[in-house]
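Asks: This is the structure I want to talk about, given as structure tokens.
The values are calculated or read from the model by the stated rules, or taken from the named source; none is laboratory data. Bear in mind the structure is a predicted one, so any value in this text is a computation, not a measurement. Note: ideal-geometry Cβ built from the backbone for every residue, glycine included; neighbour counts use all protein chains shown. The protein model used for the area step is the full one, side chains on, heavy atoms only, and it has no ligands, DNA or RNA in it. Shrake-Rupley method; radii C 1.70, N 1.55, O 1.52, S 1.80 Å.
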Amino acid sequence: MRKIYRRHILYLDYAALSAAYFLAIFSRYIFLAPFYERTKGIQGLYVSLFMVLLLINVVLSYTKGSKWELPVEQSRTEIIFTVIKTQIYFLLILLIYLFIAKWSSRVSRTVIAAFFIYNTIFDSAIRIWYRRRILGKIRNDSIYQKLLLITDKKHESVIRHQMLELGSGIVDKVITVEDMADNIDDELVLDESDLHYERAVIYLPDSKPEKLGTVAEMLASKNIPSDVIITFEGGRVSHKSINSSVGYNAIRYTAMLRKGVVLGVNYTVSNISEAVTYVRNHLDLLKGQYICFSNVHTTVMSYDREDVREAENSSALTFPDGAPIARLLRHDTDTEAVRMPGPDFMEEMLKASMDGQTTHYFYGSTQETLDKLKANIERKYPGTIVKGYYSPPFRDLSDAEEDEMIDMINNADPDIIWIGLGAPRQEKWMLAHKGKFRGVCVGVGAAFDFHAGTIKRAPGWIQLIGLEWLYRMLQNPERLVKRYFFTNIRFMWLIATGRNKKK
């Protein structure tokens, strides 16, 4: 289907390009003609230019286009920014061609400018329309479809919740492997009433591929086609973890081995889906350690202060929670580094924990925030086990209070201890408590407030363009102007002056 989608997009790009080009010609030589001197003998030039534009479009589609996600895999905001990125490449190639062909003085600058404005608008609109049409068709085909779900009791609530959230269809009946005679190696027993299902969904993260094949074959023998959800190490695989660079669709698993350095901070390059799966499957290895999410502000602080840099670099994993940092990592390490916000990691971890296999504890913020956070977790993530919530006093604890707090958390025995004390206090706190807890600490700062609903998070399109810091700054300028605005300027200065290479 991806090849078909790509072919459709190429045709739609041709349509948008043609409409934009002829509208640009119309705008310049008919609508705006009274404002310009009359020009003769240009028809052949603009016919040739149109052919050049089509050729550039083909080149971009088969080079850059193959590396970018399809509209059906993107949000509307992501589609717009993909189009803008494409237009920038388009303009650069065209300008080079015009210079080499010595057409730059003959082609109207108004036509070129109007063409790129129109093409950006038309291409964005037609891709969004295509996304809506395809997703609408998929949803219409599936939303009223009654599905047979094959899973196990441990993961039933997780996959039910996910399918409901995505509108993947109505789960009419669930058969768990525990219900099947002698597990799934014998025969899949279906009632006569079960044979009307048009499709079955198989979600068995803990089963081996041979067993998945067995279940799929048993369903096929009953004339029921099935969709097998791809899993790896017990977790769902996001499309961002699928890599086709080897000629086949493969699951990209970095095992947290890809690293990069920005202003002296050692970063781990991954994505949210893989990181969540890795942490859940390596809790024994991570016991007593901690995980950081570092943005531009904490990175600059780490550059200036040895204590903050030590806290960042003593973690088991430090992820880039900032678009500029991810951009630098992509450039310097030749990896597909992406921004990994702490609130997003927390959300995905809570979703994955609805199977009850990973337990949590929340330490930090105010009691009011924790109460709202608790209510939201219970409502949005049923099945997730939280062992406790604790709002510490806004002062240093005494030695006796410190020991009591450590015993309290260890007696609860959570797998993950979420720390919301704000940066860099939480990073220094986690370093000071390294090795003292049975679980792994994860510093997520304002994620407590975001998920509690006490602070509104920036809309998705603002996050996408890397301006979430500006949105937060405008919410609380008295406290955050110095933290974000001046720190961001200093970050750009340090990078521009080559300090990233020297540290």
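Asks: Considering only protein heavy atoms, what is the solvent-accessible area of Arg199 at a probe of 1.4 Å, reported in Å² to the nearest 10?
Replies: 50
Asks: How far apart, in nm, are two points set 7 Å out from the Cα along the Cα-to-Cβ line at Leu45 and at Thr110?
Replies: If labels sit at Leu45 and Thr110, their model points lie 1.4 nm apart.
Asks: Now, a different point. Separation of region 121-135 and region 375-449 by C-alpha centroid, Å?
Replies: Each part's Cα centre sits 45 Å from the other's.
Asks: Can you tell me the FRET efficiency between Arg479 and Phe81 if r is taken as the Cβ-Cβ distance and R0 is 30 Å, rounded to the nearest 0.05? Walk me through the numbers before you get to the answer.
Replies: Values: r = 30 Å, r/R0 = 1.00.
So, using R0 = 30 Å, E works out to roughly 0.50.
Asks: With a 1.4 Å probe and all protein chains left in place, how much accessible area per residue does the chain have, in Å²? Intermediate values should be presented prior to the final figure.
Replies: On the way: 26030 Å² over 503 residues.
About 52 Å² of surface per residue is accessible.
Asks: Roughly how many Å² of Asp403 are accessible to a 1.4 Å probe, to the nearest 10?
Replies: Rounded to the nearest 10, the figure is 90 Å².
Asks: While we're here: Phe99 to Lys173: FRET efficiency via 1/(1 + (r/R0)^6), r the Cβ-Cβ distance, R0 45 Å, to the nearest 0.05?
Replies: After rounding, the FRET efficiency stands at 0.10.
Asks: By Kyte-Doolittle mean hydropathy of at least 1.0 and Cα axial length of at least 27 Å, which whole DSSP H helices of the chain are selected?
Replies: On the way: long enough: 2-26 (36 Å, 0.53); 43-62 (29 Å, 1.86); 76-100 (36 Å, 1.72); 109-142 (49 Å, 0.04).
Membrane-span-like by this rule: 43-62, 76-100.
Asks: Between region 319-361 and region 250-312, how far is it from one alpha carbon centroid to the other, in angstrom?
Replies: Cα centroid to Cα centroid, the span is 9 Å.
Asks: While we're looking at this one, here's another question. Work out how much length Thr63 to Tyr14 would gain on full extension: take 0.36 nm times their residue separation and subtract the Cα-Cα distance, in nm to one decimal. Before the final figure, lay out the partial values.
Replies: Details: separation 49, 0.36 × 49 = 17.64 nm, distance 1.62 nm.
Length gained between Thr63 and Tyr14: 16.0 nm.
Asks: Percent relative contact order of region 358-503, based on C-alpha pairs within less than 8 angstrom and at least six residues apart?
Replies: On the way: 156 pairs, mean separation 34.3, N = 146.
Relative contact order comes out at 24 percent.
Asks: Once neighbouring chains are kept in place and the probe is 1.4 Å, which whole percent of the accessible area of the chain is contributed by carbon and sulfur?
Replies: Working: 14700 of 26030 Å².
Here it works out to 56 percent.
Asks: When only C-alpha pairs under 8 Å and at least 6 residues apart count, what is the relative contact order of the chain, in percent?
Replies: Details: 687 pairs, mean separation 56.9, N = 503.
Relative contact order comes out at 11 percent.
Asks: At most 14 other Cβ atoms within 10 Å and a DSSP loop assignment: could you name the trypsin sites (Lys or Arg not before Pro) in region 350-418 that fit? Can you show the working numbers first?
Replies: Numbers: sites: Lys351, Lys372, Lys374, Arg379, Lys380, Lys387, Arg395; in loops: Arg395.
Answer by residue number: Arg395.
Asks: Next up: R0 = 30 Å: FRET efficiency of Glu217 with Arg133, Cβ-based, nearest 0.05? Provide the component values of the computation, followed by the final result.
Replies: Working: r = 35 Å, r/R0 = 1.16.
With R0 = 30 Å, the Cβ-Cβ based efficiency is 0.30.
Asks: Full-extension gain between Arg330 and Ala496, please, as 0.36 nm times their residue separation minus the C-alpha to C-alpha distance.
Replies: Numbers: separation 166, 0.36 × 166 = 59.76 nm, distance 1.65 nm.
Taking Arg330 through Ala496 to full extension adds about 58.1 nm, to one decimal.
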